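Data first, discussion second: the structure below is written as structure tokens.
The values are calculated or read from the model by the stated rules, or taken from the named source; none is laboratory data. The model shown is predicted, which means the values in this text are computed figures rather than measured ones. Note that each Cβ is placed from the backbone with ideal geometry, even for glycine, and that neighbours are counted across all protein chains shown. Keep in mind that these areas ignore ligands, DNA and RNA; they rest on the heavy atoms of the full protein, side chains included. Shrake-Rupley method; radii C 1.70, N 1.55, O 1.52, S 1.80 Å.
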Protein chains: 2
Amino acid sequence: MSKILVFGHQNPDTDAIGAAIAYANLQQTLGKEAEAVALGTPSEETQYALDYFKLEAPRVVASVKDETSDVMLVDHNEFQQSVSDIAELNILAVVDHHRIANFETANPLYYRCEPVGCTSTIVLKLYKEASVEVPQAVAGMMLSAIISDTLLFKSPTCTPEDVAAANELAEIAQVNIEVYGLAMLKAGTNLSDKSVETLIDLDAKSFTMGDKVVRVAQVNTVDLNEVFDRQAELETVMAKENQEKNYDLFLLIATDILASDSELLVIGEPVSNVEQAFATTLTNNRAFLPGVVSRKKQVVPQLTESFN
Amino acid sequence: MSKILVFGHQNPDTDAIGAAIAYANLQQTLGKEAEAVALGTPSEETQYALDYFKLEAPRVVASVKDETSDVMLVDHNEFQQSVSDIAELNILAVVDHHRIANFETANPLYYRCEPVGCTSTIVLKLYKEASVEVPQAVAGMMLSAIISDTLLFKSPTCTPEDVAAANELAEIAQVNIEVYGLAMLKAGTNLSDKSVETLIDLDAKSFTMGDKVVRVAQVNTVDLNEVFDRQAELETVMAKENQEKNYDLFLLIATDILASDSELLVIGEPVSNVEQAFATTLTNNRAFLPGVVSRKKQVVPQLTESFN
């Protein structure tokens with residue numbers, strides 16, 4: 001049996017790293033030679049969680065076929081969000097909570113996807129099904145992932161299962177969810193020392209909509225002004241990315257994690273689809289989206305629909 | 001909430017129909033308005049099981065969007081094996097044991113795939129996870145599906161989980177696995193009253209291998225002579241199908257379910273790939289394959305490999 005690498009998506013968020021650590025740990029306990037790796041360095045939010053629970057950040061890999069052919073994916077399935085040589089690998093398992101697209105295997109595999117708010121919520125089920133106890137630090141990372149993905153249960157993607165899993169994990173991790181959760185989320189909103197290039201790439205995903213390629217980035221903040229004070233600079237860099245990477249449209253969602261609202265910044269064409277999708281009019285390339293915090297539920301489907 | 005239709009693949013086998021009945025029953029018990037339907041009429045093997053357990057055959061549908069938009073798939077995922085309007089439907093769930101390919105959704109869904117021998121083995125797990133009891137007749141259909149997919153546990157696709165599930169289901173269904181299983185399998189081997197056109201389409205799937213389209217049909221029998229007595233007729237019809245449907249190569253696997261061996265009949269080109277794949281030489285377009293009973297594990301991968 002060859003070594004198995006377990007990893008989440010590119011531009012890893014706390015779930016991509018937390019679920020990889022947790023699922024790799026489960027596989028190890030079940031006797032497999034598994035290692036959690038990552039397709040990028042942890043964000044400050046994720047690093048806060050790793051430091052809090054005294055864990056090392058997973059090793060960063062850019063390709064894996066020179067190491068092994070066997071991999072397990074967490075928190076993603078679309079090949080363009082995965083490791084560069086994914087199409088040449090043997091995918092043994094996927095644990096995810098997203099739509100399925102641009103994904104294909106040659107062989108039967110283990111695929112566990114549920115429409116819940118966080119991959120780590122599903123991974124907790126897998127521990128229970130295998131009757132394996134979750135170690136304290138691993139529970140802390142899984143809890144952090146749920147808090148991150150659901151914005152402390154405020155996102156519409158959050159389900160009762162996520163809340164129940166978080167409560168159970170908080171017990172094992174021995175933290176107060178509200179106190180720890182807000183501190184962790186705030187650690188991820190320190191934007192001032194980041195270049196605009198970094199900002200628009202912190203948590204960004206590409207989507208094909210109709211015949212357009214749409215880039216949707218999201219940043220969390222406790223003060224929207226901190227983002228929009230640099231609007232001119234952001235617009236320049238987004239336009240440059242559109243040109244260099246052949247994106248047609250670039251959306252930056254700045255999300256106020258305390259107020260649970262977002263403000264959009266849009267560069268590229270067609271903006272009419274954005275206006276139609278959110279029943280709004282862009283002013284100065286911007287639109288305020290009250291109550292919007294979830295890219296997956298409140299932005300991507302609406303925008304996709306406007307292209308159909 | 002709109003009605004949910006639950007169905008297996010085209011040319012339904014006993015698992016496609018049995019797993020659909022079982023998964024729809026589970027959904028109903030969980031409060032959903034679900035109905036098992038089928039993309040074709042039951043084979044004689046499946047009809048034997050339905051009659052034995054006093055169940056009606058599921059209603060046959062050719063498209064579903066005029067009835068509902070919500071569907072759940074069992075025992076398949078590839079769109080070309082599914083209902084004609086699958087791309088326009090909202091897929092809520094998939095329970096399957098095949099590779100994933102040509103499958104895509106717009107939204108997160110429930111997807112449960114495990115590399116076991118039969119979908120019904122996974123469906124039994126879902127009953128247990130939901131703490132729902134399996135009704136006797138439903139258990140009978142699930143057992144029939146496992147017997148069918150694993151050829152009474154003789155197929156290399158069979159896993160210990162399939163055997164354990166079958167034993168548990170036989171208890172509920174109150175049948176002797178060996179006695180009932182052989183009778184059911186034999187009911188599916190009544191080939192004498194079928195035209196050769198029907199024979200080569202009973203359980204046939206198309207595959208793209210290299211730049212060739214390969215059709216692989218399989219028939220079960222208790223006497224290989226019953227198939228090869230009609231060899232000349234079969235060859236004529238297979239050649240005709242190749243021409244009309246643009247298949248390059250047509251393989252008919254005649255499987256002796258008592259001896260657990262198969263004999264191949266091959267029409268089209270390149271036959272050299274077939275000979276290479278099975279390390280054999282075709283004589284009179286035929287080759288005996290000792291121990292081969294599984295298209296999925298013992299024919300398709302070997303043949304695919306020979307084209308790479």
Single unsatisfied condition, A:Thr121 versus (1) under 20 Å from A:Glu33 (Cβ atoms); (2) touching an Asp or Glu at 6+ places or on another chain (Cβ under 7 Å); (3) among the polar types (S, T, N, Q): (1)
Residues within region B:247-266 that are open to solvent by less than 10 Å² (accessible area, probe 1.4 Å), touching a Pro at 6+ places or on another chain (Cβ under 9 Å) and over 13 Å from B:Val227 (Cα atoms), tallied: 1
Hits in region A:16-73 - residues which are of a type in the set (A, V, I, L, M, F, W, C) and farther than 22 Å from A:Cys113 by Cα: A:Ala49, A:Leu50, A:Phe53, A:Leu55, A:Ala57, A:Val60, A:Val61, A:Ala62, A:Val64
All positions within region A:218-263 that are acidic (Asp, Glu), modelled with pLDDT under 95 and part of a helix (DSSP H, G or I): A:Glu226
Meets criteria (among the basic types (Lys, Arg) and more than 23 Å from A:Lys3 (Cβ to Cβ)) for A:Arg112: no
Unmet criterion (only one of (1) in contact with a Lys or Arg (Cβ under 7 Å, 6 or more places away or on another chain); (2) more than 14 Å from chain A (Cβ to nearest Cβ); (3) in a loop (DSSP other than H, G, I, E, B)) for B:Phe153: (1)
From the options A:Lys125, A:Lys154, residue that is under 29 Å from B:Glu161 (Cβ atoms) and open to solvent by 10 Å² or more (accessible area, probe 1.4 Å): A:Lys125
Unmet requirement for A:Asn167, which otherwise passes all of (1) within 14 Å of chain B (Cβ to nearest Cβ); (2) part of a helix (DSSP H, G or I); (3) of a type outside the set (Lys, Arg); (4) open to solvent by 30 Å² or more (accessible area, probe 1.4 Å): (1)
Candidate set: region B:267-302, residues that are hydrophobic (A, V, I, L, M, F, W, C) and in contact with an Asp or Glu (Cβ under 9 Å, 6 or more places away or on another chain); chosen: the one surrounded by the most Cβ atoms within 10 Å (Cβ to Cβ): B:Val293
Odd one out for A:Ile100 among (1) open to solvent by less than 40 Å² (accessible area, probe 1.4 Å); (2) within 14 Å of chain B (Cβ to nearest Cβ); (3) touching a residue at least 24 places away in the same chain (Cβ under 8 Å): (3)
Residue identified as over 20 Å from B:Leu191 (Cβ atoms), among the hydrophobic types (A, V, I, L, M, F, W, C) and within 14 Å of chain A (Cβ to nearest Cβ) among B:Leu282, B:Leu249, B:Leu303: B:Leu303
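Conditions tested, residue by residue: (1) closer than 18 Å to B:His98 by Cα; (2) modelled with pLDDT under 95; (3) among the acidic types (Asp, Glu); (4) under 15 Å from the mean Cα position of the chain (by Cα).
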site: A:Gln81; (1), (2), (3), (4): no, yes, no, yes
site: A:Ile91; (1), (2), (3), (4): yes, no, no, no
site: A:His97; (1), (2), (3), (4): no, no, no, yes
site: A:Val134; (1), (2), (3), (4): no, no, no, no
Residues of region B:224-234 satisfying the condition of being open to solvent by 40 Å² or more (accessible area, probe 1.4 Å) and touching a residue at least 24 places away in the same chain (Cβ under 8 Å): B:Glu226, B:Arg230, B:Glu233
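Conditions (1) over 18 Å from the mean Cα position of the chain (by Cα); (2) among the hydroxyl-bearing types (Ser, Thr, Tyr); (3) under 27 Å from A:Lys54 (Cα atoms), marked per residue:
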{"site": "A:Thr159", "(1), (2), (3)": "no, yes, no"}
{"site": "A:Leu169", "(1), (2), (3)": "yes, no, yes"}
{"site": "A:Val175", "(1), (2), (3)": "yes, no, yes"}
{"site": "A:Tyr180", "(1), (2), (3)": "yes, yes, yes"}
{"site": "A:Gly188", "(1), (2), (3)": "no, no, yes"}
{"site": "A:Gln218", "(1), (2), (3)": "no, no, no"}
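Residue-wise test of (1) open to solvent by 20 Å² or more (accessible area, probe 1.4 Å); (2) outside any loop (DSSP other than H, G, I, E, B).
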residue	(1), (2)
A:Ser192	yes, no
A:Glu197	yes, yes
A:Val213	yes, yes
A:Val216	no, yes
Residues satisfying the stated conditions in region B:107-117, i.e. touching a residue at least 12 places away in the same chain (Cβ under 8 Å) and within 29 Å of B:Ser69 (Cβ to Cβ): B:Asn107, B:Leu109, B:Tyr110, B:Tyr111, B:Arg112, B:Cys113, B:Glu114
Filtered residues of region B:276-294 (kept if out of contact with any Ser or Thr (no Cβ under 6 Å at 6 or more places or on another chain) and not β-branched (Val, Ile, Thr)): B:Phe278, B:Ala279, B:Leu282, B:Asn284, B:Asn285, B:Arg286, B:Phe288, B:Pro290, B:Gly291
Residues being of a type in the set (Ser, Thr, Tyr) and touching a strand residue (DSSP E or B) at 6+ places or on another chain (Cβ under 7 Å) - total across region B:25-57: 1
Boolean, A:Thr198 is free of Cβ contacts under 8 Å to residues at least 12 places away in the same chain, within 19 Å of A:His9 (Cβ to Cβ) and touching a strand residue (DSSP E or B) at 6+ places or on another chain (Cβ under 9 Å): no
Test: residue in region B:170-184 that is part of a loop (DSSP other than H, G, I, E, B), among the hydroxyl-bearing types (Ser, Thr, Tyr) and touching a helix residue (DSSP H, G or I) at 6+ places or on another chain (Cβ under 8 Å): no
Residue ID - most open to solvent (accessible area, probe 1.4 Å), chosen from residues in region A:128-148 that are part of a helix (DSSP H, G or I) and within 14 Å of chain B (Cβ to nearest Cβ): A:Lys128
Members of region B:106-121 that are of a type in the set (Ser, Thr, Tyr), facing chain A (nearest Cβ under 7 Å) and surrounded by 19 or more Cβ atoms within 10 Å (Cβ to Cβ): B:Tyr111
Filter result for A:Val6 (modelled with pLDDT of 95 or more, within 18 Å of B:Cys113 (Cβ to Cβ) and open to solvent by less than 60 Å² (accessible area, probe 1.4 Å)): yes
Residue within region A:237-246 that is within 23 Å of B:Asn107 (Cα to Cα) and open to solvent by less than 60 Å² (accessible area, probe 1.4 Å) present: no
Residues that are within 12 Å of another protein chain (Cβ to nearest Cβ), open to solvent by less than 70 Å² (accessible area, probe 1.4 Å) and in contact with a Lys or Arg (Cβ under 9 Å, 6 or more places away or on another chain), drawn from region B:48-91: B:Asn77, B:Glu78
Test: residue in region A:285-298 that is free of Cβ contacts under 8 Å to residues at least 24 places away in the same chain, in a helix (DSSP H, G or I) and either over 19 Å from A:Pro156 (Cβ atoms) or not acidic (Asp, Glu) (or both): no
